[in-house]
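The values are calculated or read from the model by the stated rules, or taken from the named source; none is laboratory data. In this text, all values refer to a predicted model and were calculated from it rather than measured experimentally. So basically every Cβ, Gly included, is an ideal-geometry build from the backbone, and we count neighbours across all protein chains shown. Note: accessible area is taken over every heavy atom of the protein model, side chains too, but ligands, DNA and RNA are not part of it. Shrake-Rupley method; radii C 1.70, N 1.55, O 1.52, S 1.80 Å.
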Amino acid sequence: MLVDLKTILADTREKHYAVGLFNCVTLEMTKGILAAAEELHSPVIIGPAESLLPGASLAEYADMMLGMARRAGVPVALHFDHGFTPELVEEAIRLGFSSVMYDCSMLPFEENVRRTREMTAKAHAAGCSLEAEIGHVGSNGSAEEAVAKTIYTQPQDALRFAAESGCDALAVAIGTAHGVYEEKPVLNLDCLASIAGACSTPLVLHGGSGLSDDDFRACVAGGISKINIFTHNNLTAARAAHTHFTESVGAFELMPFITEAVKHETMHHMRVFGSDGKA
């Protein structure tokens, strides 16, 4: 069933689990993620990011994913991730996405608040939730280089930002970065604890693909309600296609292998995040 982000994250902090956003860009990935959610009775968040739109348009993603989300036997939020362009965020809202992220984290604090507040009003008017970001999770070059550019979230800023913007979820910067890590990232869990203690708005972890299972569990225990995953599943899908490809095997024959591989990778993360059995 299709639900908004606010609904799907409502009791995560109280019950000490997180819901995964598993970015997906193909039918096979989407089917695998939803199959994992249904088998584990887990809520789930799916959808593309602005950076993934070269693969398909927002309308094309909506055409594929909205029906699948509505038919699912577990709560599913369809989320447009890391929308930097306001016109695209508004398009996602019009298309029926139940959640959008408007990322103004590179702007000065006051401008981030102002723009987020304006977009939140538009989203809420359409029955859509909105996620924002404060601080900045880097994504240029290697993940290690990006962490060096990270602007860490300050607890007092998170509290003020959530109150003034009206956002439904808040991505925070605590030492992760987007992309593939060559070295193990170092999380600032004390920073996370301080943010969670100051701000009751559901907190989001981005750039988690380099973290260990224990790291994820520590983040959930520290107050994270939503965790974004793409690199794990993206590489898993590619490896499955590579493993099963021969000169006599076409794209159609590869589809079930990709779906099954993504399903099992997603199930692993759902168990680590503690969302299994929460639907």
Subject >> Residue check for residue 105: under 27 Å from residue 264 (Cβ atoms) and in a loop (DSSP other than H, G, I, E, B) >> reply: no
Subject >> Among residues of the stretch 219-263, those that are open to solvent by less than 60 Å² (accessible area, probe 1.4 Å), over 25 Å from residue 49 (Cβ atoms) and of a type in the set (Gly, Ala, Ser), counted >> reply: 1
Original post:
Inside the stretch 235-245, can you point out the residues that are without any contact (Cβ under 8 Å) to a residue 24 or more places away in the chain and of a type outside the set (Val, Ile, Thr)?
Top reply: 235, 238, 239, 240, 241, 242, 244, 245
Original post:
Name the pairs whose Cβ atoms lie under 9 Å apart, with the first residue in the stretch 208-234 and free of Cβ contacts under 8 Å to residues at least 12 places away in the same chain and farther than 21 Å from residue 47 by Cα, the second β-branched (Val, Ile, Thr) and part of a strand (DSSP E or B), and 6 or more positions between them or separate chains?
Top reply: none
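Are there helices (runs of 4 or more DSSP H) fully within the stretch 1-55 with at least 3 residues that are among the hydroxyl-bearing types (Ser, Thr, Tyr) and touching a Cys at 6+ places or on another chain (Cβ under 8 Å)? List them.
No helices (runs of 4 or more DSSP H) qualify here.
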Original post:
Can you tell me which residues in the stretch 61-71 are touching a residue at least 60 places away in the same chain (Cβ under 8 Å) and open to solvent by less than 10 Å² (accessible area, probe 1.4 Å)?
Top reply: 69
**OP:** Would you confirm whether any residue within the stretch 268-278 is without any contact (Cβ under 8 Å) to a residue 60 or more places away in the chain and closer than 30 Å to residue 224 by Cα?
**Re:** yes
Original post:
Across the stretch 77-97, what is the number of residues that are within 19 Å of residue 206 (Cα to Cα) and open to solvent by less than 10 Å² (accessible area, probe 1.4 Å)?
Top reply: 7
Subject >> Matching residues, the stretch 40-60, being open to solvent by 30 Å² or more (accessible area, probe 1.4 Å) and either under 21 Å from residue 215 (Cα atoms) or free of Cβ contacts under 8 Å to residues at least 12 places away in the same chain (or both) >> reply: 54, 57, 60
**OP:** Considering each of 37, 18 in turn, give the residue that is closer than 20 Å to residue 206 by Cβ, buried (at least 24 other Cβ atoms within 10 Å of the Cβ), among the aliphatic types (A, V, I, L, M) and at pLDDT 95 or above.
**Re:** 18
